[in-house]
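Any read-out appearing in this document is the output of simple, stated calculations on the displayed coordinates, not a laboratory observation. Keep in mind the model is a prediction, meaning the values are calculated, not measured. Positions of Cβ are generated from backbone atoms using ideal geometry, with glycine treated the same way; all protein chains shown enter the neighbour counts.
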């Protein structure tokens, strides 16, 4: 079975531009989470989506938005890019959110590396 | 506030040495989950273990072992007889109860195993 797939793998943008990153979860996984990993640091939680609804949001500005589609794939959008947005953006999928504390294994993709010039 | 601290930024060992990666966490929750992930140069985070807060039993999986001590809020990871393929960045993470999909990661420990 295919793992979590993300596209594009690398991209370069300039300040002020907008970017859309895409993620396809593992088949059967209905929950998708997004993380930002700046070089030399641990990943930071951005969003979690389940059944097309936002279930959690990290401490990121409104320039960051996401959505989940009926096939459970997801997009992360970042507007008005800043130099500090340069990072590896990781998508993770997991089994259905049970609502009772499902914190099973998150399966991560290889990420989209964004460079903002 | 919830926080994970990995005080060791970099560790370098020679192959076949044992090495322990430290992890200390902070949370006010009584129920939570702890994880270890491995990140090779490819960037993909590879799941190693999950432990819930009610299970303090230590675990061994091959050359890997984990020591969970709730009294000291620590969840340390030991690799026995290290190998060059163990070279990677290792992250400890905390998941709050009822917030599936959200992990709070430590800063990571870069392990270099030299032949």
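Mean-square fluctuations from a GNM of chain B, with a 10 angstrom spring cutoff on Cα atoms, peak among B:80, B:27, B:72 at B:72.
For the segment A:30-37, counting C-beta atoms of other chains within 10 Å of every residue's C-beta and taking the mean gives 2. Result for chain B in a Gaussian network model with C-alpha springs under 10 Å: among B:60, B:104, B:79, the largest mean-square fluctuation is at B:60.
Highest mobility in the GNM of chain B, judged by mean-square fluctuation with C-alpha springs under 10 Å and restricted to B:90, B:33, B:25, is found for B:33. Translational diffusion of chain B was estimated from the Stokes-Einstein equation, with Rh taken as the Kirkwood radius over Cα pairs; at 4 °C and 1.567 mPa s the coefficient is 91 µm²/s. With R₀ fixed at 30 Å, the C-beta to C-beta distance from residue B:80 to residue B:47 puts the FRET efficiency at about 0.90. Extending 7 Å from Cα along the Cβ direction at residue A:41 and again at residue A:71 yields two label points whose distance is 3.4 nm.
Per residue of peptide A:105-114, the mean number of Cβ atoms on other chains within 10 Å of the residue Cβ is 4. Note on residue A:57/residue B:55: beta-carbon distance plugged into 1/(1 + (r/R0)^6) with R0 of 35 Å gives a FRET efficiency of 0.75.
Pairs of Cα atoms nearer than 8 Å and 6+ residues apart set the relative contact order; for chain B it is 38 percent.
Ranked by the mean number of other Cβ atoms within 10 Å of their residues, highest first, the peptides A:7-15, B:41-49 fall in the order B:41-49, A:7-15.
Cα centroids of the stretch A:52-70 and the stretch B:18-60: 26 Å apart.
Mind checking the mean number of beta-carbon atoms from other chains within 10 Å of the Cβ atoms in A:40-46? For peptide A:40-46, the averaged partner shielding equals 6.
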